[in-house]
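S.K.: This is the structure I have questions about; it appears just below.
The values are calculated or read from the model by the stated rules, or taken from the named source; none is laboratory data. The shown structure was predicted, so the numbers you read here are calculated from the model rather than taken from an experiment. Using ideal geometry, Cβ is built from the backbone for each residue, glycine included, and neighbour counts are taken over all protein chains shown. For the accessible areas, the whole protein counts, side chains as well, though only heavy atoms, and no ligand, DNA or RNA atoms are used. Shrake-Rupley method; radii C 1.70, N 1.55, O 1.52, S 1.80 Å.
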Amino acid sequence: MKKAEIFINGDKLYEVPVIIDNMGGHSLDITNLRKDTGFITYDPGFGNTGSCRSSITYLDGEKGILQYRGYPIEDLVESCDFVEVAYLLVHGYLPNLVERRKYADMLNQHSLLHPQMRDFFKNYPDHSHPMSILAAMSVSLQSFYPEIDLAEDPEKQMDLNVTRLLSKMRTIAAFTYRKLIGMDFVNPNYKYSYCENFLNMMFSSPVKKYKANPVHAKALNKLLILHADHEQNCSTTAVRLIGSSEANLYAAVSAGICALWGPRHGGANQAVIEMLQQILESGESLEKIVERAKDKDDPFRLMGFGHRVYKTYDPRAKIARSMCDEVLADLGTSDPLLDLAVKLEEVALNDSYFIERNLYPNVDFYTGIIFRAMGIPTNMYTVMFALGRLPGWIAHYLEWNHDPYEKIGRPRQIYTGPQPKKVLPIDQRE
Ligand code: SDX
């Protein structure tokens, strides 16, 4: 085992074990740093901090590599459907035909919602943001299925909890949309595949029977796979942190949904489309828009651009970009927002500010265009991201659960508050 040495003012403070991971990544193991030296480290945003050991997903931000359980994202998108990838992330291997069929049956069995949850939907405030409904419904699953916390054999129960969550979240997402447009819920239908079922629950109407659109279903499968996991991102870290207190899976996923909602994270896919629409309506030049994004005094940022890990083109953005052309061509339609996005990308990628900071399109830059082409409204885009990310969140929750190294997450701080003070009686305070 290699070691690193820390010196303070020339005196050797500490020897730190070096960990080399399965892809050659190097880490300094500071597990006992404070106990042995009294020092902590400081790393706002955790950009240089490994929070756990994980075998689920590998990212190489410099080379633009993304692998789920060792499989390159490009291959999974081409050769698998979302149910297979969800199985891969949760169970650690791709299912064979028998396992895939059994899994699909289990997902179907658990796709309906408890009748009281339907009432919960009906009484939830109208005009709510769909992510608020999704988060509330997720944590409320514990009330409808309390055995998640009461089971004698949690391990055995967990398989059911996971399948139940994966299946019901799809129904909850579709019902959320139906509530917001004031239409009756459409129940899941066993004759459809996972994605067709979702689209049927979203778009079927009494007057116009939903006709499974293979282009939409194929695109949705690919989009959900693209979103399925992404290592220790903000929302997955939230799920692991909540799980580390031994809160139940539904509560942890609800926290993940809330973290994903923010426009710096999953909320960016909605913000990208709103940004492109504003640019189109304003008629502002793209050069001016890019200048605004660079101006530190202007809160405007180029949404869908930049990434904490990718310092090159996000491999998912590459796939989503090519899917835009494919889906629009298959549907025989076009979208001025796509033309605008392509031009905006070109202006930004030729600007030294973006080049020097390695700011490229991320997963959110083009995915909204495809959701739009499928008729999914803008405020549902982050719900789609959450639906895709769910198996990843579950896999990380389970991995924490089974990892002997894991403890409750509890970081330290740099204290910037006042020195100790005396409490004055209230009548002596200014
Ligand atoms: C996702 O972590 C994940 O894996 C997330 C995700 C996943 O699958 O889970 O990939 C999904 O969240 C993708 C990101 C979606 N968010 C956006 O598109 C919002 C716009 N992007 C930025 O807010 C930003 O790029 C972040 C939040 C994504 C990353 O922020 P960092 O890593 O903290 O980088 P930073 O803010 O320190 O930026 C470094 C520099 C700064 O300028 P300087 O201080 O060096 O002068 O780059 C600038 C930033 O101002 N910058 C941008 C910019 N993003 C970074 N300037 C203009 N527009 C941008 N979009």
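S.K.: On full extension of the chain, what length is gained from Ser143 through Ile355, given 0.36 nm per residue of separation minus the C-alpha to C-alpha distance?
M.R.: Working: separation 212, 0.36 × 212 = 76.32 nm, distance 5.00 nm.
Between Ser143 and Ile355, full extension yields an extra 71.3 nm.
S.K.: Calculate the FRET efficiency for Lys208 and Lys407 from the Cβ-Cβ distance with a Förster distance of 56 Å, rounded to the nearest 0.05. Walk me through the numbers on the way to the answer.
M.R.: On the way: r = 54 Å, r/R0 = 0.97.
It comes out at approximately 0.55.
S.K.: For region 231-383, with every protein chain kept in place, what is the accessible area per residue (1.4 Å probe, Å²)?
M.R.: Details: 6290 Å² over 153 residues.
Per-residue value: 41 Å².
S.K.: First compute the accessible area of the chain with a 1.4 Å probe, then give the percent of it belonging to carbon and sulfur atoms. Walk me through the numbers before you get to the answer.
M.R.: Values: 11640 of 21970 Å².
Of all accessible area on the chain, carbon and sulfur atoms account for 53 percent.
S.K.: Determine the dipole magnitude for region 206-365: charges of +1 sit on the beta-carbon of Lys and Arg, -1 on that of Asp and Glu, nothing else is charged, the reference point is the Cα centre, and the result goes in debye to the nearest 20. Show your work: numbers first, answer last.
M.R.: Working: 19 positive and 22 negative charges, 126 e Å.
Here the size comes out at about 600 debye.
S.K.: Now, a different point. Can you give the FRET efficiency for Asp43 and Ser245, using 1/(1 + (r/R0)^6), R0 = 25 Å, r = Cβ-Cβ distance, to the nearest 0.05?
M.R.: Working: r = 22 Å, r/R0 = 0.88.
The value I calculate is 0.70.
S.K.: Rounded to the nearest 20 Debye, what is the dipole magnitude of region 3-59 about its Cα centre when Lys and Arg each give +1 and Asp and Glu each give -1 at the C-beta? Display every interim value, and only then the final one.
M.R.: Numbers: 5 positive and 7 negative charges, 25 e Å.
I would put it at about 120 debye.
S.K.: I'd like the Kirkwood hydrodynamic radius of the chain, using the inverse of the mean 1/r over distinct C-alpha pairs, in Å. Working shown, then result.
M.R.: Details: mean 1/r = 0.0424 Å⁻¹.
Final number for the Kirkwood radius of the chain is 23.6 Å.
S.K.: Could you pull out the pairs from Lys2/Lys296; Lys191/Lys407; Lys168/Lys218; Lys179/Lys343; Lys3/Lys421 whose alpha carbons sit more than 32 Å apart here? Write out the running numbers ahead of the final one.
M.R.: Working: Lys2/Lys296 43 Å; Lys191/Lys407 44 Å; Lys168/Lys218 21 Å; Lys179/Lys343 36 Å; Lys3/Lys421 43 Å.
Beyond 32 Å between Cα atoms: Lys2/Lys296; Lys191/Lys407; Lys179/Lys343; Lys3/Lys421.
S.K.: Relative contact order, percent, of the chain when contacts are C-alpha pairs under 8 Å separated by at least 6 residues? Provide the component values of the computation, followed by the final result.
M.R.: Numbers: 554 pairs, mean separation 83.6, N = 430.
Relative contact order, the chain: 19 percent.
S.K.: If you don't mind, another one. Restricting to DSSP H runs of at least four residues, report the calculated mean residue ellipticity at 222 nm for the chain, -39500 (n - 2.57) per run over all residues, nearest 500 deg cm²/dmol. Could you put the intermediate results ahead of the total?
M.R.: Numbers: 19 runs with 228 residues, N = 430.
Helix-only estimate at 222 nm: -16500 deg cm²/dmol.
S.K.: Something else about it: Got a sec? Charge dipole of region 3-59, +1 on Cβ for Lys and Arg, -1 for Asp and Glu; which of Leu28, Tyr42, Ser54 is way out at the positive end?
M.R.: Ser54
S.K.: Follow-up. By per-residue mean of other Cβ atoms within 10 Å, what is the highest-first order of 356-363, 32-39, 264-271, 311-318? Mind dumping the intermediate values first?
M.R.: Numbers: 356-363: 19.2, 32-39: 11.9, 264-271: 22.4, 311-318: 20.8.
Answer by packing, highest mean first, reads 264-271, 311-318, 356-363, 32-39.
S.K.: Further question: Kindly identify region 3-59 as rounded, prolate or oblate by the Cα gyration tensor criterion: order the square roots of the eigenvalues as a ≥ b ≥ c, call it rounded if a/c is under 1.5, otherwise compare a/b with b/c, prolate if a/b is larger, else oblate. Numbers along the way, then the final one.
M.R.: On the way: a/c = 2.41, a/b = 1.77, b/c = 1.36.
Prolate, since a/c reaches 1.5 and a/b exceeds b/c.
S.K.: List every residue whose amide H lies under 5 Å from the amide H of Tyr14, counting only residues 5 or more places away in sequence or on a different chain, with H placed 1.01 Å from N in the peptide plane.
M.R.: Residues meeting the amide H criterion: Ile6.
S.K.: Related question: If you stretched the chain out fully between Ser27 and Tyr124, how much longer would it get, using 0.36 nm times the residue separation minus the C-alpha to C-alpha distance?
M.R.: On the way: separation 97, 0.36 × 97 = 34.92 nm, distance 4.67 nm.
Full-extension gain reported as 30.2 nm.
S.K.: What size of dipole, in debye to the nearest 20, comes out for the chain about its Cα centre when the only charges are +1 on Lys and Arg C-beta atoms and -1 on Asp and Glu C-beta atoms? Walk me through the intermediate numbers first.
M.R.: Numbers: 47 positive and 53 negative charges, 150 e Å.
For this selection, approximately 720 debye.
S.K.: Here's something else I'd like to know. With every protein chain present, what is the per residue accessible area of region 101-166 (1.4 Å probe, Å²)? Each step should come with its number before you reach the end.
M.R.: Numbers: 3460 Å² over 66 residues.
On a per-residue basis, 52 Å².
S.K.: With unit charges on the beta carbon (Lys/Arg positive, Asp/Glu negative), name the residue among Ala268, His216, Asn248 whose Cα is farthest towards the positive pole of the charge dipole of region 150-304.
M.R.: Looking along the dipole axis, the top candidate is His216.
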